[in-house]
Amino acid sequence: MFDDISLFIRIVQKRSLAAAALDLNLPAATVSRRLKKLEDKLGCQLLHRSARKFSLTAEGEVYYRAYADLVQQFEAISRNLSADVHQLNGKLTVLAPTNASVGILQPMWSEFIRLYPEIQLNLFLSNQTKDIHQGQVDMALRVGPQEDSLLFQKKLGSVATILVASPDYLADQGEPDGLNALEEHRIILVNTVPLWKLQYCPDGYSDKHRWEEIRPQATTIIDDIGLASQLARDGHGIVLLPVSEIEMELSEGALVRVLPEWQGAKREIFAVWPTGRLLSAKARCLRGFMQNFIARNSVLQGAIL
C-alpha cells in the first residue's frame, strides 16, 4: 500500500497522471490502475479526473497532507542508505586492539588508507573491549568469539600463544623440564589470561586429547601485552604471549621458547559488526581487505616461527 501512496504523492506533485507515469517510467495505464486500487482500499476518491483541470478532492487533500512529508522522508532515507551501501567514500569508524594495530597489523591499516583515500578511516585503538553499540561504529576487530547476539562476526585468522623468556634469564635460572617446574620460576602474567591452558604438541603436532590447565603463581602481573614482552626481554621471567606480539624478538633471539612441546590456546581473530544495520560498501571493503591481509600472513594463521 505504501508504494501506491507514494505514487499518489508523485501524481499530486507532478499535477498529472501522465507526468507521474513519465517520471516513474511506468505505463500510464498502470498509474491509473494503481490509483484506482488505492482509492478502493481507502474507500474514497482522491482526485477529480478531468482532461482540462487537475484537482484534489477534499479527501485527497487530507491524505496528501498526511503522507507527503512521510513519503519524502522515506525516499530521502532510502537514497542515503543506497549511497552508503554502494559508495566507497565518507567516514568509516573502526575499533581495534592497540598492540596488534601498532605492531603486526600496522601495514594493513597503512595499505588500506593508501588504496582507498576517499574513505575517512576513524580508527579507535584500545586494549580494552569497547562497546561496539555505543556511537556509530561500523566494524571492530576482536580477539576471541563474541557472545553478544546483536553482533555479526566473521573469523579472519588465529594466533598461536607460546611460553617465552630471554636467553639471559634461562642461562641464569635454568630451563624448566616440565610444567610442574614452572613453580620454581619467576612468572610474568598478563591479567586477562590468569589461567594458562596448554596443549601438548611434540614436534609441532598437537595432541588434541592432552590439555593441561595451570594457574601460575605470578611474580609480576601486567595488563599490557607489549609491556609484558618488554619485561620478559629484560630477563624478569617466563610469560605466555601471542606469537604476533613477539615475532621480531623471536627472529632476533631476544626471546626464546620455553617448553616448546607445549602451546597455549590460539587467539582467534574476528571481524565484528552490529546486526540490524545495512553493512556499508566501505565496511564490506574493509572486511574483505582485512581478510585477505590476514590470510597472507602465516603468523596470523597460527604459525610459529
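Any read-out appearing in this document is the output of simple, stated calculations on the displayed coordinates, not a laboratory observation. Computed from a prediction, not measured in an experiment: that's the story for all the values here. Here Cβ is always computed from backbone atoms with ideal geometry, including for glycine, and neighbour counts include all displayed protein chains.
Of note:
- For residue 122, the residues whose modelled amide H falls within less than 5 Å of its own, excluding neighbours fewer than 5 places apart on the same chain, are 92, 93, 94.
- Only beta bridges with both residues in the chain are counted; by DSSP, about 65 percent of them are antiparallel.
- Here the 3J(HN,Hα) profile of region 152-159, calculated from phi with Karplus coefficients 6.51, -1.76 and 1.60 at θ = phi - 60°, is 8, 8, 9, 6, 10, x, 7, 10 Hz, Gly and Pro shown as x.
- Region 207-242 and region 161-177 have Cα centres spaced 11 Å apart.
- Couplings 3J(HN,Hα) of region 25-37, computed from phi: 6, 10, x, 4, 5, 5, 4, 5, 5, 5, 5, 4, 4 Hz, in residue order, whole Hz [Karplus 6.51 cos²θ - 1.76 cosθ + 1.60, θ = phi - 60°; x for Gly and Pro].
- Structure-derived semi-axes √(5λ) of the Cα gyration tensor in Å: which label, when the choices are (i) 32, 27, 19; (ii) 39, 29, 16; (iii) 65, 18, 15: (iii)
- Cα-projected label distance for residue 184 with residue 121, points at 7 Å along beta-carbon direction, nm: 4.9 nm
- Amide H contacts of residue 237: 166, each under 5 Å away and 5 or more positions distant or on a separate chain (H built 1.01 Å from N in the peptide plane; Pro and chain starts excluded).
- Structure note, pairs 91/154; 91/266; 14/37: Cα-Cα distances above 30 angstrom occur for 91/266.
- Under 5 Å between amide hydrogens, built in the peptide plane, is the criterion, and for residue 157 it picks out 269 among residues at least 5 positions away or on other chains.
- Taking a sphere under 12 Å around the Cβ of residue 39 and counting the other residues whose Cβ falls inside, with K and R at +1 and D and E at -1, yields a net charge of +3.
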